[in-house]
1. For the ranges 348-358, 300-310, what's the packing order if you count other beta-carbon atoms within 10 Å of each residue, average per peptide, and put the highest first?
2. Tabulate in residue order the Karplus-calculated ³J(HN,Hα) for the stretch 49-55, using 6.51 cos²θ - 1.76 cosθ + 1.60 with θ = phi - 60°, rounded to whole Hz; enter x for Gly and Pro.
3. Quick one: which residues, 5+ away or cross-chain, put their amide H under 5 Å from the amide H of K723? H built at 1.01 Å from N.
4. With r defined as the distance between the Cβ atoms of A413 and L581 and R0 fixed at 30 Å, what FRET efficiency is calculated, to the nearest 0.05?
5. Determine ³J(HN,Hα), in whole Hz, for all residues of the stretch 505-521 in sequence, where each value follows from phi through the Karplus function 6.51 cos²θ - 1.76 cosθ + 1.60 and θ = phi - 60°; x replaces Gly and Pro.
6. Pop a pseudo-label 7 angstrom from the Cα along the beta-carbon direction at both A533 and L205 and give the gap in nm to one decimal.
7. R0 = 51 Å: FRET efficiency of L572 with K387, Cβ-based, nearest 0.05?
8. If you stretched the chain out fully between R552 and H648, how much longer would it get, using 0.36 nm times the residue separation minus the C-alpha to C-alpha distance?
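What follows draws every value from the coordinates through simple rules; no lab data is involved. The structure presented is a predicted model; accordingly, all values stated were derived computationally and were not measured. Counting neighbours? That spans all protein chains shown, and the Cβs are built from the backbone with ideal geometry, glycine included.
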Amino acid sequence: MGYKEFLEKKLIVDIPTGFDPGDLNTNSFDWQKDITRWACRRGRAAMFEGCGLGKTLQQLDWADQVFKHTGEDVLILAPLAVSKQTMKEGLKFGIDVNICQSQEDVVSGINITNYQKLHRFDSSKFGGVVADEAGIMKSFSGKIKKQMCDMWSQTPYRLSCTATPSPNDFEELGNQAEFLGVCSRSEMLSMFFINDTANTGTWRLKKHASKEFWRWVCSWAVMLQKPSDLGYDDNGFILPGLEYISHVIEADGPCNGRLFPVDAKTLSERRSARKESLNDKIKIAAELVNNSDEQWLIWCDMNIESQMLKKAINDSVEVTGSDKDDHKENSMLNFSDKKIKALVSKPKIAGWGMNWQNCHNMIFIGLSDSFEAFYQAVRRCYRFGQKEKVVVHIITHQIEGAVVRNVRRKELAFESMTENMTMNMSYITRKDINTVMNEKQEYITESQCGEGWELFNEDCVETAKRIPENSIHYMIYSPPFASLFTYSNSDRDMGNCRDKNDFLEHFKFLADNLYRILMPGRLMSFHVMNLPATITSDGYIGIKDLRGDLIRLFEAFGFIFHSEVCIWKDPLVQATRTKVLTLAHKQISKDSSRCAQGLPDYVITMRKPGENPEAVSKGRGFEQYIGEMKEPESPKTNEARGNKYSHHVWQRYASPVWFDIRQTRTLNERQAREKDDERHMCPLQLDVIERCVDLWTNEGDTVFSPFAGIGSEGYGALNLGRKFVGAELKKSYFDCAVKNITEASKPKKQLSLF
């Protein structure tokens, strides 16, 4: 594979694997047909559409096209009671749908079942699968979600449909992408997100990756809240009003030993507040429903709430988790047919998939922290097709205010996500929905040079290709540590990768050229550290041997493993900065088997085989200073005193562990940072650069760094009388490097006393 082909392969863009469909259902609007046609062409796609926009018809039409194209059966997975509703919708649109309980019930064509019965089916018997109300998957255990991804991984045609793919948790989009086979959840997190070490387990979208992330999502998903989001007419899809009415029950007095009422912070405090105010809440709810002739939906979260509501509200039907499936389905369908005045249930039981535009009154007896459960429950009534203003009554206790604010915060996050996706889909046209793939970052190069140096703002692989073979005397650099630090959104950035293996594949294109341009018998040093393995990205907690991987990689290209040195780092500083569990002092008392040492840095030096045509001589001097105990201040001071290395100096340089590297002696990286940079870059310490360059090169030798960063290697090389060639991909770092290297190349002025 050539380098250009590799870069194209590296992009996380799911290649369309579908087909051109035949005539679509005549009951569909034009925009529904366009999206369904796009989903057929993609083969594996997601429809993230607002409630009531007609996903049921679209998924039935999609399934019908897959069946006609492949001749293989299609299975729709849906929440309980939605199966019969979907079957009725199919009859209305002229599409036959068979409800089945197991594989034995499957007939030729389109079949539908509940998520809970997933284990009764053989995925190899189906040519297509639809996950209806796919967001419900995260209400199940991790085992069920994994089963969904594993079970259908070989199914050629997959469709995911939900109104809320990820209202407050971007990771859920990773679950959707994994189910569709676009990429794994861990790959998505590595490419676009940061796991903030101050809050372990929390992933946040990288600032510089925001636009690219949404473009990537839009390469396999369509999201809209109304047809005009994609440039279509909203006629018939204008929702009536939505009104929230808050009923707050005042606290009788302070509780839990406090002087005055305060917001409940723990789950125990919330449950206590809900129980204490339960009679008052039931009374308010009963008055609202019993004094009305209209239909009502009443949502609760506790069994005792459900039981008391059923007793207090006239003509009400209760649906609980322990009820038989027949009772659940019949009750929900009877409510749809206006045979029931009031339905009492929990959002996790009846809050998904049902079309209840027949009702426009709703009550919540308190709220949970789940915005998605709240959103879905409200959207059972507040959806396209609703003719009346929907009124939502929220009855809470005074100290439950934090929960209400939390749901509101998540609602704002969902609105922001919706706005971002819609904005990034502005290029999607009505004629050909989303056939545009990710736009690549524009690749512009430049170069700067001065006395004894030249620097290229470009991909280091391209730079190394142009350098004559056997022309570089020494190389020193710090490569990206796989995906641990990602400095740009360019596909040419080696740190912008899915995982360590993706990084190593990219690095091979550079390693081949580094071997070619290095002079025989001369050395190359690279600064590296091993990487922490995490549950989310790797499935285990431990260490990944990046140091060993790079050594083996270079050996495969002909290099000889010459030497290595370990650079000591303070574990207390690491523990404070990373908050890593294995370094935490409290872990010793809790379970010391989980404790581990900090991760040091290494300087690995590789040698190109062959005779060195230009010996690196440091002259005589070791014998002159035998027994000297004071180390000279620097290599320059050594030389001025008539020797290069005393025994004392060489003893420290030859040590397998360098304890004297000053971690803070680096060039100032702040001037190179852009506003969207996620992390402070980590320039290589000048002590390391000066020691290695002075030890392994002669004055006038040419030093090369393929990852010049802000110019640390060039700065150190020029200060020691060497020449320098470097490459840096990121423009802001390149500009900073030019300034630093220019400063180092200026003639040094003799300081005077006045």
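1. Details: 348-358: 21.4, 300-310: 18.5.
In decreasing order of mean packing, 348-358, 300-310 become 348-358, 300-310.
2. Result, ordered by residue: 10, x, 4, x, 7, x, 4 Hz.
3. Placed amide hydrogens put G700, D701, T702, V703 under 5 Å from K723.
4. Numbers: r = 28 Å, r/R0 = 0.94.
Given R0 = 30 Å and the Cβ-Cβ separation, E is 0.60.
5. 4, 5, 5, 4, 5, 7, 4, 4, 6, 4, 5, 5, 8, 6, 5, x, x
6. Distance between the two pseudo-spin positions: 3.2 nm.
7. Values: r = 66 Å, r/R0 = 1.29.
The calculated FRET efficiency here is 0.20.
8. Values: separation 96, 0.36 × 96 = 34.56 nm, distance 3.33 nm.
Using 0.36 nm per residue and subtracting the Cα-Cα distance, I get 31.2 nm.
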